[in-house]
Structure formats: C-alpha cells, structure tokens
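Participant: Here you go, one structure.
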Amino acid sequence: MTERIGTAIIGGGIAGCAVAHYLAEEGETSILVVDADELGSGSTGGSFGGVRQQFSTPLEIELSRRGLDFWRSAERVFESPVTWHANGYLFLTGQPEIMTKLGEAAALQRSMGLNDVHVLDAEQIRETVPWVGTDGVLGGTYTPHDGKVTPTEGVAALVRAARSRGVSFREHWPVRALERDGRTWRIVGPDILESDRVVVCAGYWTTDLMRPLGLELTIRPMPLYAAITAPALTGQRVPLTIDLDSGLLIEREADGLLVAILLEENPPAYGHAQMLEDFADLARVRAPSLADLRIARNVVANVDLGGDGHPYVGLVEDGLWMIAGFGGHGVMHAPPVAKLLAQTIAGRPDSTLDISSLSPWRSPEAAAEWMVASKKG
Ligand SMILES: Cc1cc2nc3c(=O)[nH]c(=O)nc-3n(C[C@H](O)[C@H](O)[C@H](O)COP(=O)(O)OP(=O)(O)OC[C@H]3O[C@@H](n4cnc5c(N)ncnc54)[C@H](O)[C@@H]3O)c2cc1C
C-alpha cells in the first residue's frame, strides 16, 4: 500500500531539519523527513560552522542577526548540547576598493543596530591578533562576538525537538523523482510516498531534483579542501580570519587550527597537496608562525555554491516548496530562513521580513551579496 503523509521534507541537513521543527511548531502534523544518507551528512556535516554578522545586504544582515540568535540560544532553547564558541570573525584586505566596501558593509550593519563591528587599520589588526602578518594589509573588519558552532549539534537539537512534536525521520531513503498527480505529490524512492505538500531541502542536489520539473537552478557542489593542524597558537585569540585578497582562511579547531583557501573555482587537478603548498606560501607573509605547522589531517566537503549569494527559497509550484543554495552560509542562515518559510507555508508569514525576493524563479539580481568570503580578484 502507498504510504500517505501531510508534508514530505526531502533532505535532512540543517535546512530540512529546521523546516521540520518550525512547521511542527506552527501546528502542522503528519510530517516526514527523508534523507538519501544520514541526517546532517551533506554540506552541513562538512561545514566550518562559522556564524557571522558581516554581510553587505540588509536581508543577509537581518538573517545573520536571527541566525546568531538561533545559535547563541540553541543550547538553552532546545535543552540539547550546542556549544557556541565566541571566537570572533576578521576579514582582511590590502585592496583599497575592498577596504571601502568593508567600511560600507560595517556602516550598514551599524545602521541596523549591530554595533559590534570594528573597522581596523593594520596596526589595530596587529594589536588584536599579533600572529597575523600585516605586510601589505590596509585594514579589515572585526566582529568579536561572532562565533563558531558544530553544525551537527544543531541538527541533533532540531531533530530532537521535531520528534517531540511528532515529526518522523527516515534515513537512507533517496528520492529519485517527484511526480504530480492532481493535487497529490508522488515521491519516488525505495517505495512510493504520497503527500499533499513537499519541501525540497536537498542542498546542492536540489538542482537535479528540480530540473525535470522545469526549474533550472545554478546551485552546484564545489569541494573545499581544508586541513586541521597540530596544536597551535595556544592561549591566543583566533577569530575566524579570512584574507579576502588570497582566500586564506584560519580558524580555531579544538587545540589546533583549521586552514583552507577559499576560491571561487578550484583550478584543474586541485586537491589537498596544492592547497597546503599554497597555504604555506601565503602563511609565510600573512601568518608567519603557521607556515611550517604540522598537519594532523586533511578534510574535504562539498559547498553548495552558485547563484548570486542569496539562497533559493519559496514556492516552486502548487504544493511544492524549496529551500537550498545557501552558497556556503547555510549553517548561519538556514535556521532563520527555514522558520520564515515554515511560517509562510503555514499561511502566517512573518510580517517583519519579506523573503519573496528569494523566490526560486527569480532572475539573477544586480544586488548580489558580495561578502561570500572567497578570494576577490
Ligand atoms: C567545507 C564547508 C565549509 C562551510 N563553512 C560554512 C560556514 O562557516 N558557515 C556557514 O554558515 N556555512 C558554511 N558552509 C555551508 C553550509 O554548510 C551549507 O550552506 C549548509 O549546510 C546547507 O545545508 P542544507 O541543509 O541546505 O544542505 P545539506 O547539508 O547538503 O543537506 C542536504 C541533505 O539532502 C540529502 N539529499 C540530497 N539528495 C537527496 C535525495 N534525492 N533524496 C533524499 N535526500 C537527499 C543529503 O543527503 C543531505 O543530507 C560550509 C560548507 C562546507 C562544505
């Protein structure tokens, strides 16, 4: 017999689990989350977990404000272990035009009530993070109360909360196709599910699921090669630090550091060996004490890249919704966006923040979010 449910959520990453929780909170019943693999095993599981207020458009800054609230309060709200590491966030540049844009973004954040953003010159950067080499650096922006989380802890908290409201979860259940039969959606996987409503939350895989339905999305996977070092910078402040000119990224990871280079595209044949060679060259200038650090292990995961820096969120067609394509910002922004989407689906949209501009059917916008934190050419 075909199983019938009210809402099928496809994908149990941070977005899908948050949609499930917030829909249940809105009073929706008969909700099932299916995942091709394990909950939190997609981009969410490989994420660096940085949560920052530093964005350049009013919408992303507001989403950050809400995302920061979500992560800072998650442990208390969900009564589940979700550790907040208040490490801070630091962007650096030696390019005058990027410095100007960082200053403008900081002014916008302040105008929206987020006063905790500091525009620093090279000397102030040396005082704040003495391990940063400032040769050629003009300045940067620093938000000391931004932080870092373990995204799978957030997934676990959301799953627990959703389960307590009756949501079901099914792992190792890959959806192969979505078919419409009148007002009913048929979800074709290991079995057939029928539902009144589907919410696709399948990260970068969403592109393939939507194509047969006539929606061509630009979301695509890009491997991000990173490494965890042996213990380093013990006792020192290590904000999540990104040199916007080179893409060099350094953040605290337990006693060691996580190091990576954020690129808009990986060059052909790129991998850990090349990344670590480039890291050592860049670190000799930007973080000299780290250039010859021992690497404890390599890590890699696919980022959900593509688009204009904003996620794709909203109605695709009658009964079919989606939320995906966070472009590397989904840990911080998916929980608040999932809440806004759940409220919209339930017919009670949040009147204080309009997300209709995020429609999956939008054409590429001129006002793209530029602070996507990869190397700026
Ligand atoms: C290395 C790295 C670093 C990052 N750093 C940050 C950061 O510092 N801060 C930040 O905010 N974000 C960061 N991100 C981005 C962030 O992790 C993603 O934007 C976010 O996790 C996306 O969540 P999601 O739920 O949309 O997708 P995912 O976590 O990818 O979840 C999608 C789920 O859908 C499932 N699925 C796919 N296809 C199907 C199917 N056909 N049937 C059933 N299930 C399916 C998958 O198994 C998966 O579990 C980073 C990402 C990576 C990879």
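Read-outs: derived from the displayed coordinates by stated rules, not from any lab. The structure displayed is predicted, hence computed values, not measured ones. Cβ placement follows ideal geometry from the backbone for every residue including glycine, while neighbour counts extend to all protein chains displayed.
Participant: Compute the projected area of the convex hull of the Cα atoms of segment 82-199, averaged over all viewing directions, and report it in nm² to one decimal place.
Facilitator: That works out to 12.8 nm², a quarter of the Cα hull's surface.
Participant: Let me check I've understood the local charge: for THR207, count other residues with C-beta under 12 angstrom from its C-beta, Lys and Arg +1, Asp and Glu -1. What total comes out?
Facilitator: -1
Participant: As a footprinting exposure proxy, order PHE70, PHE326, PHE279, PHE169 by other Cβ within 10 Å, with the fewest listed first.
Facilitator: Sorted ascending by nearby Cβ count, the order is PHE169, PHE70, PHE279, PHE326.
Participant: Hey, another quick one. Show me the ranking of peptides 35-43, 73-81, 313-321 by mean Cβ neighbours inside 10 Å, starting with the highest.
Facilitator: Highest to lowest by the protection proxy: 35-43, 313-321, 73-81.
Participant: Ok, one more. If you filter segment 129-210 for GluC sites (Glu not before Pro), then keep DSSP loop positions with at most 11 other Cβ within 10 Å, what is left?
Facilitator: Here no loop site has a sparse enough neighbourhood.
Participant: Residue by residue, what Karplus-based ³J(HN,Hα) values in Hz, rounded to whole numbers, does segment 45-51 have, using 6.51, -1.76 and 1.60 with θ = phi - 60° and x for Gly and Pro?
Facilitator: x, x, 5, 6, x, x, 10
Participant: Can you classify segment 216-351 as rounded, prolate or oblate using the Cα gyration tensor, where a ≥ b ≥ c are the square roots of its eigenvalues, rounded means a/c under 1.5, and otherwise it's prolate if a/b beats b/c and oblate if not?
Facilitator: It is prolate, given that a/c is not under 1.5 and a/b is the larger ratio.
Participant: To check you understand DSSP bridge types, tell me what percent of the beta bridges within the chain (both residues inside) are antiparallel, rounded to 5.
Facilitator: Roughly 70 percent of the DSSP beta bridges within the chain come out antiparallel.
Participant: Excluding ALA161 itself, what net charge comes from residues whose Cβ is under 11 Å from its Cβ, given Lys and Arg +1 and Asp and Glu -1?
Facilitator: Net charge around ALA161: +1.
Participant: Return the whole-Å distance between the Cα centroid of segment 99-152 and the Cα centroid of segment 248-287.
Facilitator: 20
Participant: Would you calculate the separation in nanometres between label points at LEU108 and ASP255, each defined as 7 Å from the Cα along the Cα-to-beta-carbon direction?
Facilitator: 4.2
Participant: Continuing with the same structure: When only alpha-carbon atoms are used, what values of Rg and Dmax, in angstrom, describe segment 1-120?
Facilitator: Over segment 1-120's Cα set, Rg and Dmax evaluate to 18.6, 65 Å.
Participant: Turning to a different aspect of this structure: Out of the trypsin sites (Lys or Arg not before Pro) in segment 178-283, which ones are loop residues according to DSSP with at most 11 other C-beta atoms within 10 Å?
Facilitator: ARG183
Participant: Let me ask something additional. Tell me which of THR207, TYR225, GLN236 sits at the most positive position along the dipole axis of segment 185-237, charges placed on C-beta atoms (Lys, Arg +1; Asp, Glu -1).
Facilitator: My answer, from the dipole projection, is GLN236.
Participant: Between GLU277 and GLU216, what FRET efficiency follows from the Cβ-Cβ distance if R0 is 45 Å, with the result rounded to 0.05?
Facilitator: After rounding, the FRET efficiency stands at 0.75.
Participant: Now for a different question. Based on DSSP H runs of at least 4 residues, each adding -39500 (n - 2.57), what is the mean residue ellipticity at 222 nm of the chain after dividing by all its residues, to the nearest 500 deg cm²/dmol?
Facilitator: That calculation yields -9000 deg cm²/dmol at 222 nm.
Participant: OK, next. Lys and Arg at +1, Asp and Glu at -1: add these up for the other residues within a Cβ distance under 14 Å of ILE125 and post the number.
Facilitator: -3
Participant: Ok, one more. Bin width 10 Å, origin at 0, all Cα-Cα pairs of the chain: what percent of pairs per bin?
Facilitator: The calculated distribution, bin by bin, is 5, 24, 33, 23, 11, 3, 0.
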